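Data block below; observations after.
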Amino acid sequence: MDALGPIYLGFDLSTQQLKALAVTAELHVVCESKFDFDADSVGFTIKNGVITNEEEHEVYAPVALWLQALDTVLQSLKDKGLDFGRVKGISGAGQQHGSVYWSDAAERLLRCLDGSRPLAEQLDQAFSYPFSPNWQDASTQAECETFNHHLGSEDDLALNTGSKAHHRFTGPQILRFRRSHPVEYQSTSRISLVSSFLASVFLGRIAPFDISDVCGMNLWDIKAGTWNEKLVALAAGSSGLTELKRKLGPVSEDGSGLLGNVASYFIRRYHFSPFCVVAPFTGDNPATILALPLRSMDAMVSLGTSTTFLMSTSHYKPEPAVHFFNHPTTPGLYMFMLCYKNGGLARERIRDAVNQNSSAKSWANFDRMCFSSPPLGQCRSTDAMKIGLYFPRPEIVPNVRAGEWHFNYDPSSGSLTQTEVGWVRPNDDARAIVESQLLSLRLRSRDLFESPGEGLPPQPRRIYLVGGGSQNIAIAKVVGEVLGGTDGVYKLDAGGNACALGAAYKAVWAVEREEGQTFEELIGSRWDQDRFVRRIADGYQKGIFEQYGVAVEAFAKMEEEVLRQEDQ
Ligand SMILES: Nc1ncnc2c1ncn2[C@@H]1O[C@H](COP(=O)(O)OP(=O)(O)O)[C@@H](O)[C@H]1O
Ligand SMILES: O=C(CO)[C@@H](O)[C@H](O)COP(=O)(O)O
């Protein structure tokens, strides 16, 4: 490793932590740090990084918490010996959809930051509202209904903006914010996404939206590359389209178009070079697909607080069950995504139940149950398949209330019964929750795949696991069994966080690319496959994959049944 060469920083401001990571121009990770919101913050009443108001289905986070996290994480990188003077470029990622409401004083306060005092203290007056709605928020059902009908149907909205209306998407959230906090809305000078908020702090002025993250708002017309004025006007209401467009500000259409130099605060306090530049920050999912040169039949499964399924594709085929975003670096490519609210925290609940709710947070018992239970709880092929749904929070796909459901499916008769007969709970739930989350991914992604070779059923070529849950080999094994993957299941072995890594690579590319050189070309040429990824589980296994093929149909029936019960 070149001890004096340039360094690039990547940040990930996600639900439960702020992570930071430094790489060399050769893509080697040299330093990492993280700030866990629950464990490390001082003065905030939060759980899993957020505040929940069950009555209103609101979930939100205090913006000041993130400022405290940023100073602490930078100090910790410094304490670990990182020489900020070598940092040539910074990029980052934020949990998607969350909005930050800046006050009239924001630009002045950002411009005049004093390097001797912490950010949180100085930016206290920079916000017209102190909280950011979190992606787990489910308070905007009425606003979503309005959005879905505004262009015709939810299919029309999906075609235009890449997604149908979702509770967490920023357009419906702004509409609700304006209605429920009219005074604060009025005194908002600018609105940022979490990604552009963090970029703004580094820049010392409010940054534009990123071309990929802007697609998580239900406001951006992806094909036209402009705001959809009908939708912006809907969110703006009588306060006016022009005013909301001013609050939203510009969109940075070039994923590599440098935003400017780092603010003097960081030069004085942490000794950054005045030549260090800030590249656009993007959403945490778009940044995750930049952690490796992803090929078209590869899939990524992010096992973070949310579970997401990500692919890079040149086909734009939005429909209400899925999401399409602009690719964060490459015009003409898109990111396909499925997103589930009940990911890591839902699995943790089963882990805790298996541990008999002791204070031990070990995954060992959960993993043992996953390894020892047969697929779908079937000891013999004539046994019923055990399938379930595990939603401690209201779910996104399908849009259903919080709850837990258990079913048995008889493959020979095709009959599905809601029952716990034959279930040994909570032990059987360990494998069943992982299977349930993966069957939903398989159901909704299966049309994207072609057969990878003669005699093989359509499936991904390679599956990459990222996020906190990717450390879990038992989960990885079930991933290969349910989703297949002719090349196997892999884990990133370069640094603890794919999303921050992707952001750091984005900074490398933005600064070092030659004229016209794409992200995939530059990162592909420096990518060291043997060092950066590790095969952790088998993928396609003939017989088991087909068994789950039957279970996918049962799973679809189960969802229909639960939705039918909801409608009654
Ligand atoms: N060994 C493990 N097995 C399964 N899940 C794990 C393991 N370690 C961490 N996790 C999960 O990872 C989640 C956090 O993932 P992370 O990607 O850091 O989240 P986020 O980016 O959303 O803040 C936790 O909620 C936890 O459930
Ligand atoms: O809402 C979405 C994507 O649409 C979530 O994926 C958030 O982007 C937050 O993800 P975590 O990294 O915190 O799980």
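Residues in segment 316-348 that are at pLDDT 95 or above and of a type in the set (D, E, K, R): R347, E348.
Counting only helices (runs of 4 or more DSSP H) wholly contained in segment 132-194, the ones carrying 1 or more residues that are closer than 15 Å to W220 by Cβ and in contact with a helix residue (DSSP H, G or I) (Cβ under 8 Å, 6 or more places away or on another chain) occupy 141-150, 154-161, 170-180. When segment 526-565 is filtered for residues that are more than 26 Å from the chain's Cα centre (by Cα), of a type in the set (D, E) and either within 24 Å of P457 (Cβ to Cβ) or open to solvent by 70 Å² or more (accessible area, probe 1.4 Å) (or both), the ones remaining, listed by number, are D530, E546, E553, E560.
One residue stands out in segment 452-468 among those that are modelled with pLDDT under 95 and either hydroxyl-bearing (S, T, Y) or under 17 Å from A291 (Cα atoms) (or both): the one that is farthest from ligand 1 (Cβ to nearest atom), namely V466. Within segment 25-42, the residues that satisfy the criterion of being touching a Ser or Thr at 6+ places or on another chain (Cβ under 7 Å) and touching a residue at least 40 places away in the same chain (Cβ under 8 Å) are V30, S33, F35.
Counting only strands (runs of 3 or more DSSP E) that fall entirely inside segment 260-354 and contain at least 3 residues that are of a type in the set (A, V, I, L, M), the qualifying elements are 299-303, 334-340.
Here's the yes/no breakdown for (1) farther than 30 Å from D221 by Cβ; (2) in the same structural domain as A165 (by the TED database); (3) under 28 Å from the mean Cα position of the chain (by Cα):
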position: M335; (1), (2), (3): no, no, yes
position: R349; (1), (2), (3): yes, no, yes
position: D352; (1), (2), (3): yes, no, yes
position: I396; (1), (2), (3): no, no, yes
position: E420; (1), (2), (3): yes, no, no
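Can you list residue pairs whose Cβ atoms sit under 7 Å apart, with the first residue in segment 490-502 being in contact (Cβ under 8 Å) with a residue 24 or more places away in the chain and the second being within 15 Å of ligand 2 (Cβ to nearest atom) and among the polar types (S, T, N, Q)? Count only pairs 6 or more apart in sequence or on different chains. Sorted first by the residue in segment 490-502, then by its partner, the pairs are K491/S470; A498/T288; C499/S14; C499/T288; G502/T288.
Among the candidates A138, A120, A199, A126, single out the residue that is farther than 26 Å from G225 by Cα, more than 16 Å from ligand 1 (Cβ to nearest atom) and in contact with a Phe, Trp or Tyr (Cβ under 7 Å, 6 or more places away or on another chain). Steps first, answer last, please.
Details: A138 fails: in contact with a Phe, Trp or Tyr (Cβ under 7 Å, 6 or more places away or on another chain); A120 fails: in contact with a Phe, Trp or Tyr (Cβ under 7 Å, 6 or more places away or on another chain); A199 fails: farther than 26 Å from G225 by Cα.
Going through A138, A120, A199, A126 in turn, the sole match is A126.
For segment 205-240, filtering for residues that are more than 16 Å from ligand 2 (Cβ to nearest atom), more than 13 Å from V251 (Cα to Cα) and open to solvent by less than 10 Å² (accessible area, probe 1.4 Å) leaves 4.
Are there any pairs, at least 6 apart or on different chains, whose C-beta atoms fall under 7 Å, with the first in segment 446-466 and among the small types (G, A, S) and the second open to solvent by less than 60 Å² (accessible area, probe 1.4 Å), and if so, which? Listed by first residue and then by second, the contacts come to S451/P457; G453/T486. Residues that are over 30 Å from E184 (Cα atoms) and in contact with a helix residue (DSSP H, G or I) (Cβ under 6 Å, 6 or more places away or on another chain) do occur in segment 241-257.
Could you tell me whether any residue of segment 326-339 is under 19 Å from A476 (Cα atoms) and of a type in the set (S, T, Y)? Steps first, please.
Here is the first cut: in segment 326-339, the ones under 19 Å from A476 (Cα atoms) are 338-339.
With of a type in the set (S, T, Y) added as a condition, the list becomes none.
Among the residues of segment 326-339, not one is under 19 Å from A476 (Cα atoms) and of a type in the set (S, T, Y), which makes the answer no.
Scanning segment 355-373 for residues that are of a type in the set (S, T, Y), over 16 Å from S436 (Cβ atoms) and assigned to a loop (DSSP other than H, G, I, E, B) yields S358, S359, S362.
Residue by residue through segment 217-242, note down the ones that are over 27 Å from the mean Cα position of the chain (by Cα) and either without any contact (Cβ under 8 Å) to a residue 60 or more places away in the chain or on the phi > 0 side of the Ramachandran plot (or both). Listed by number, the residues that qualify are A233, G237, S238, G240, L241, T242.
Residues that are of a type in the set (G, A, S) and open to solvent by less than 40 Å² (accessible area, probe 1.4 Å): does segment 362-371 have at least one? There is no residue in segment 362-371 that is of a type in the set (G, A, S) and open to solvent by less than 40 Å² (accessible area, probe 1.4 Å).
Applying the selection to segment 349-369, what residues are modelled with pLDDT under 95 and more than 10 Å from ligand 1 (Cβ to nearest atom)? Residues satisfying the conditions are Q356, N357, S358, S359, A360. Within segment 506-519, the residues that satisfy the criterion of being assigned to a helix (DSSP H, G or I) and surrounded by fewer than 20 Cβ atoms within 10 Å (Cβ to Cβ) are V511, E512.
Given the structure, is L310 touching a strand residue (DSSP E or B) at 6+ places or on another chain (Cβ under 9 Å), without any contact (Cβ under 8 Å) to a residue 60 or more places away in the chain, open to solvent by less than 10 Å² (accessible area, probe 1.4 Å) and not assigned by the TED database to the domain that holds L438?
Numbers: touching a strand residue (DSSP E or B) at 6+ places or on another chain (Cβ under 9 Å): yes; without any contact (Cβ under 8 Å) to a residue 60 or more places away in the chain: yes; open to solvent by less than 10 Å² (accessible area, probe 1.4 Å): yes; not assigned by the TED database to the domain that holds L438: yes.
Spelling it out, L310 is indeed touching a strand residue (DSSP E or B) at 6+ places or on another chain (Cβ under 9 Å), without any contact (Cβ under 8 Å) to a residue 60 or more places away in the chain, open to solvent by less than 10 Å² (accessible area, probe 1.4 Å) and not assigned by the TED database to the domain that holds L438.
Screening A346 with (1) within 12 Å of ligand 1 (Cβ to nearest atom); (2) open to solvent by 20 Å² or more (accessible area, probe 1.4 Å); (3) touching a Pro at 6+ places or on another chain (Cβ under 7 Å) gives one miss only, at (2). For segment 195-232, give me the residue count where each residue is among the basic types (K, R) and touching a helix residue (DSSP H, G or I) at 6+ places or on another chain (Cβ under 7 Å). Looking only at that region, the number is 2. Go through the residues of segment 505-527 one by one and say whether even a single one is among the small types (G, A, S) and touching a Cys at 6+ places or on another chain (Cβ under 7 Å). No. Those helices (runs of 4 or more DSSP H) of segment 1-120 in which 1 or more residues are within 16 Å of ligand 2 (Cβ to nearest atom), more than 30 Å from F325 (Cα to Cα) and open to solvent by 10 Å² or more (accessible area, probe 1.4 Å) occupy 37-40.
The values are calculated or read from the model by the stated rules, or taken from the named source; none is laboratory data. This structure is a prediction, so every number in the text was calculated from the model and none was measured. As a convention, Cβ positions derive from the backbone with ideal geometry for all residues, glycine included, and neighbour counts pool all protein chains shown. Calculation scope for accessible area: heavy atoms of the full protein, side chains included, ligands and nucleic acids excluded. Shrake-Rupley method; radii C 1.70, N 1.55, O 1.52, S 1.80 Å.
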